[in-house]
Amino acid sequence: MLNIRPAVSLPGLALAAAAIAAQPGSIPVPVLKADFGALYAGLANAHYDLYAHRSKAEYDRLFEEMLAGLETPLTRQEAEVLFQQFVAFGNVAHARIGYDRTAFDEYRAGGGRLFPIDLRIVDGRSYVQANHSGNAVLEPGTEILTLNGTPMTDWLERTSRYLSADTPYIAHSLLEFQFPMYLWQDAGPVDAFTLEIRSADGERRSVHVPALTAGQIEAHREAAEASFALDPTAREARMLDGDIAYLRPGPFYNAENPESLWDNTDFVRFIDDAFAGFIDAGATALLIDLRQNPGGDNSFSDPMIAWFATEPFRFASSFRIRSSAEARASNQARLDNNPGQATGVSAFFAERYAAVPYGETFEYTIPEVKPREAGRFDAQVYVLVDRHSYSNAVTVAATVQDYGFGIVVGEKTSDMATTYGAMETFRLPNTGIVVGFPKAHIVRPSGELQSDGVTPDLPIPSPIVPTASDTILEKALARIRESTADQ
């Protein structure tokens, strides 16, 4: 049986809230240590497999080191950042603390200066994707070798400490969006940067760039020559040349109405109208574009897949849940807040948590989804993904690929098809910091237990240098036209 106790003794966990109030704006050291202990104990209890990628000895050693280092009071945000590093050590994306970024937002709003370059990270190497510094030498595609004398590989590793990610590939895909923030978080304010670079022709040189305010960076971005960019929230259905249908379903949640985030009524209507239109137009193929899709829930994606599925399907072949007090409490809170779920999945979980001893696992059998009985879309389907296809977007690609419902094209996903997920939360007893943990091990439809992204059947690498048009879509369409011409 798994030993859920950390290897060192902990301070008492029931400390009065008055201890925090004794130092306004900061959390006293005894409280920090108590909640740090509660963090480790809670993760060990509730996480489906805390030691999947890191041994217990490694986690115990880190715990002891960090506990010993808690010598001064911290603000809540500082505590959240510190605790997140401990959680992220496990290399599981769905175990994380969603810490407050107010300090960074205030720093930016107050004229704080930042790293003025957008990165594109490929196989652990950092390239200039967009240069806002004004230094013409830093052309898009230029490789950055060092930053202020430190190799970029080291900076990627340092900034990745703040990210919950199963692999460096996932971490790097996220850093492409937020490297300046995590660099500031790790190194603090910096007035300027000295970069060692390697240009496309192989020449190495050193360049100096100033740190810039958010306003200066945005002004440069607006003045720069426009390059193609996708809108992650867009929902689009249209016919392209050559009788190819194009569907960009957008997020698999109700992004238009956050008050009813999981109400799929309008989404299903959009999908139904789209497929009816494709059929009426005589579409000979369909491309579903899931690039930069943040994911969501299968209650949105299943009705879409049902339009072209050839057999009943499930988004996972196995969905095992670890029973714990933390998962049970989180599930009960959801039931309390949503009485309408009294007969749904959460009610089933509540029954199983009550029956299955904590620390053991149980299986949730996912109901099969049947294909549409009438009006089915029966032309060839292609699913386009990239490294920024996340969560349920990856599940859709895996389902289509594993059941043979279509052909996956594009770039390998960084997020996992077999994963630790179905995140729940618990609160630390004194600070109230919210900790997310994966309660389940979800295995892709093929039954492949190895955690990995979805590898496209037809690979199309994403460009390092931004382009004026959607070259990936153009290449995907060219491959589709080749395939339909051969049929």
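Observations on the model:
- In a simple Cβ point-charge model (Lys, Arg +1; Asp, Glu -1; nothing else charged), the stretch 253-374 has a dipole of about 460 debye relative to its Cα centre.
- To the nearest 10, the accessible area of residue 218 is 80 Å² with a 1.4 Å probe.
- Normalised per residue, the accessible area of the chain is 45 Å², obtained with a 1.4 Å probe and no contribution from ligands, DNA or RNA.
- Solvent-accessible surface ranking, highest first, for 47, 220 at 1.4 angstrom: 220, 47
- Using C-alpha pairs under 8 Å with a sequence gap of at least 6, the mean separation divided by the residue count of the stretch 149-257 gives a relative contact order of 14 percent.
- Sequence-separation-based contact order of the chain, relative, with Cα cut under 8 Å and 6+ spacing, percent: 16
- Percent carbon-and-sulfur accessible area, the chain, ignoring ligands, DNA and RNA, probe 1.4 Å: 51
- MRE, 222 nm, helices only [DSSP H, n ≥ 4, -39500 (n - 2.57), over the chain, to nearest 500]: -11000 deg cm²/dmol
- Lys, Arg +1 and Asp, Glu -1 on Cβ, resulting dipole of the chain about Cα centre, debye, nearest 20: 1080
- Among 281, 346, 75 - extreme Cα towards positive end, dipole of the chain, charges at beta-carbon: 75
- For the stretch 327-381, size of Cβ-based charge dipole, Lys and Arg +1, Asp and Glu -1, in debye: 120
- Cβ crowding within 10 Å averaged over residues, with 78-84, 142-148, 114-120 ranked highest first: 114-120, 78-84, 142-148
The values are calculated or read from the model by the stated rules, or taken from the named source; none is laboratory data. Note that the coordinates shown come from a computational prediction; the quantities given were computed from them, not determined experimentally. FYI the Cβ positions are ideal-geometry reconstructions off the backbone, even for glycines, and counts take in every protein chain you see. Surface areas here come from the heavy atoms of the whole protein model, side chains and all, with no ligands, DNA or RNA. Shrake-Rupley method; radii C 1.70, N 1.55, O 1.52, S 1.80 Å.
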